[in-house]
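Worksheet: the structure to be examined is printed underneath.
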Amino acid sequence: RSRPSPPPAVVGAGLGGSAVAYFLQQHFGPQVQLDVYEPAGVGGRLATVTVNKQQYESRGGSIHALSLHMQDFVKILGLKHRREVAGKSAIFSGEHFVLEETDWYLLNLFRLWWHYGISFLRLQMWVEEVMEKFMRIYKYQAHGYAFSSLEELLRSLGGDAFVNMTQRSVAESLLEVGVTQRFVDDVIAAVLRSSYGQSVLVPAFAGAMSLAGAQGSTWAVEGGNKLVCSGLLKLTKANVILARVTGVSLHSSEGRALYQVHYEGSEGQGSAFYDMVVVTTPLHPSRSNFTFKNFEPPIADFPGAFQPSVTSVVHGYLNSSYFGFPDPKLFPFASILTTDTPDLFFNAMDNICPVNISATFRRKQPQEAAVWRVLSQQPLDKQQLKTLFRSYYSVQVTEWQAYPRYDAAKSLPPIVLHENLFYLSGVEWVASSMEMIAVAAKNVALLAYNRWHQDLEKIDQKDLMHKVKTEL
């Protein structure tokens, strides 16, 4: 006899919260009414800023072509892929460009070969092998299999090797497969600075995911990636409560767990009871002062710290001479990555397009005023802005605790905090990308469902590759 469906609460309405709400309803059934708590605004880090009546992504811009859950969301919601506007990239060392992209693909490959020999090929093979194994998750999830810890999930995809990849650096792993130190310093460092704002010491798994995004084809949602979040919440008819959750306390009724969610909103403080709670906001002391009460044993503290990251959206004229192009008309790049040089004060910058791209849209020429997004660790001071721009109309600064400080973590956070209390954001310690969060959301929904219906065959199964093959 199956138990009646729980009324679940979801804490946070970013991508994790909206995806888990959608998947929970998919598995438990359309009668499930979800409460989603969100203090700031639907979409979380997938925020936009407005410049001259146009909206621009202030963060998480691109989605990898192999992101199957994100692809599905876009289809289900009737959203469209944003039109691609081509632009070249280059890697800047603070003095000169160490690598420049051209219009001609073969020449790019030739340049990479010329500079870095076989490293480029070895990198591609390494990334492809990781991605190929990672793609197994979609098969497992389609068959309803779930994992109660991040270690189990990784082990089912790539054995202990995948678990070890969360404990050792991407530099170490690449040097081991024969990529040269020079390639690591010039190219790998630049990609990781632009995606995570960190060095080649990030763990190999997070690094592989970020490098897959850098070399594969990517896309974005027309109108802004955050439309996925609002769309999924609308589709599940979720009840969005504008309040900040301050903690969860445990009560029990008729021998089963009942969770009291405490929150504060504009109306003051309140609380409500639920059979099931999924927390999708980071539970790190630096990020939240979330309390768990009456849990025995108590829910432990979450180790690790977050990397401060600053996005400056600048509308202005690029100072191309800083990059060695006295004539701005000749400046060919739309995106500039940087190497790990002590005196470089920014991680990456790109000439960004609005979230709505019309058929007639063209990218601004380098001598025109354009909208640039600059990523840095600290807010840029006047002098630094003057270095990058000859003059500017506006600067909009967003500071985030965007990504885990990867060098700080020794072990991965748990998924199951208590019987029916789950934690989604921990997945970012494996790798932080939109698709990673969507995969984790699907896993939590399946895990919650399988645990609720005591279907233990579907949790942490060994040798899944074999099982799924025979089931197909």
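Just so it is clear, none of the values below were taken in a lab; they were calculated from the coordinates. Fair warning: this is a prediction, and the values are worked out from it, not measured in the lab. Backbone-built Cβ (ideal geometry, glycine too); neighbour counts: all protein chains shown.
What list of ³J(HN,Hα) couplings, whole Hz, do you get for region 127-142 from phi and the Karplus terms 6.51, -1.76, 1.60, once you set θ to phi - 60° and write x for glycine and proline?
Here the 3J(HN,Hα) series is 5, 4, 5, 5, 5, 4, 6, 4, 4, 4, 4, 5, 5, 4, 5, 5 Hz.
Would you mind calculating the relative contact order of region 169-318 from Cα pairs under 8 angstrom and at least 6 residues apart, reporting the percent as a whole number?
Relative contact order, region 169-318: 15 percent.
In degrees between 0 and 90, to the nearest 10, how far off the longest principal axis of the chain does helix 105-116 point, with axes built from Cα atoms?
Helix 105-116 sits at roughly 90 degrees to that axis.
Give the dimensionless ratio obtained when the Cα radius of gyration of region 26-115 is divided by 2.2 N^0.38 Å. Spell out each step's value before the answer.
Details: Rg = 20.2 Å, N = 90, 2.2 N^0.38 = 12.2 Å.
Normalised Rg, Cα atoms only: 1.66.
Specify the angular offset, from 0 to 90 degrees and rounded to the nearest 10, of the alpha carbon long axis of helix 434-452 from the longest principal axis of the alpha carbons in the chain.
10
When the chain is fully extended, how far beyond the present Cα-Cα distance does Asp160 get from Asp72, taking 0.36 nm per residue of separation? Kindly include the intermediate steps, with their values, before the conclusion.
On the way: separation 88, 0.36 × 88 = 31.68 nm, distance 3.00 nm.
Gain on stretching Asp160 to Asp72: 28.7 nm.
Could you tell me the ratio Rg/Rh of region 131-211? Both radii from Cα atoms, Rh via Kirkwood. The partial results should precede the final answer.
On the way: Rg = 14.1 Å, Rh = 13.5 Å.
We get a ratio of 1.04 for region 131-211.
Simple spin-label model, 7 Å along Cα-to-Cβ: Ala305 to Gln454 in nm?
So the label points at Ala305 and Gln454 sit 4.7 nm apart.
Quick one: length gained pulling Lys234 to Glu100 fully straight, 0.36 nm per residue minus the C-alpha distance?
Working: separation 134, 0.36 × 134 = 48.24 nm, distance 4.38 nm.
Between Lys234 and Glu100, full extension yields 43.9 nm more.
Around Lys293, which amide H atoms from residues at least 5 apart in sequence, or from another chain, sit under 5 Å from its own amide H, with H modelled in the peptide plane?
Val248, Ser249, Leu250
Going through the cross-link list Lys364/Lys386; Lys53/Lys237; Lys80/Lys467; Lys133/Lys469; Lys88/Lys386, which pairs have a Cα-Cα distance over 25 Å in this structure? It would help to have the intermediate numbers written out before the result.
Numbers: Lys364/Lys386 20 Å; Lys53/Lys237 30 Å; Lys80/Lys467 36 Å; Lys133/Lys469 14 Å; Lys88/Lys386 23 Å.
Among Lys364/Lys386; Lys53/Lys237; Lys80/Lys467; Lys133/Lys469; Lys88/Lys386, the Cα-Cα distance tops 25 Å for Lys53/Lys237; Lys80/Lys467.
Report, by chain and number, residues whose modeled amide H sits under 5 Å from the one on Leu258, excluding near sequence neighbours (fewer than 5 apart, same chain).
Distant-sequence amide H within range of Leu258: His251, Ser252, Ser253.
Report the FRET efficiency, 1/(1 + (r/R0)^6), for Thr291 and Ser266, where r is their Cβ-Cβ distance and R0 is 30 Å, rounded to 0.05. Display every interim value, and only then the final one.
Details: r = 21 Å, r/R0 = 0.71.
Efficiency, rounded to the nearest 0.05: 0.90.
Once you put a point 7 Å from the Cα of Val416 and another 7 Å from the Cα of Asn356, both along the Cβ direction, what distance in nm separates them?
Simple spin-label model gives 4.7 nm for this pair.
What number, in percent, do you get for the relative contact order of region 63-204 if the mean sequence gap of Cα pairs under 8 Å and at least 6 apart is divided by its residue count? Walk me through the numbers before you get to the answer.
Details: 100 pairs, mean separation 28.6, N = 142.
Relative CO of region 63-204 lands at 20 percent.
Please report the relative contact order for the chain, taking Cα pairs under 8 Å with a sequence separation of at least 6, and give it as a percent rounded to a whole number.
26
When the Karplus curve 6.51 cos²θ - 1.76 cosθ + 1.60 is applied with θ = phi - 60°, which whole-Hz ³J(HN,Hα) does each residue of region 393-398 get, with x for Gly and Pro?
8, 8, 9, 10, 10, 10
Would you list which aspartates and glutamates come within 13 Å of Lys234, measuring only between C-alpha atoms, while excluding same-chain residues fewer than 8 positions from it?
Asp35
Want the number for Lys469 to Ser394: 0.36 nm per residue separation, take away the alpha-carbon distance, what's left?
Details: separation 75, 0.36 × 75 = 27.00 nm, distance 5.63 nm.
Going from the current span to full extension adds 21.4 nm.
Using θ = phi - 60° and the Karplus form 6.51 cos²θ - 1.76 cosθ + 1.60, what ³J(HN,Hα) does each residue of region 230-238 get, whole Hz, x for Gly and Pro?
Rounded to whole hertz, the list is 5, x, 5, 5, 5, 4, 8, 6, 5.
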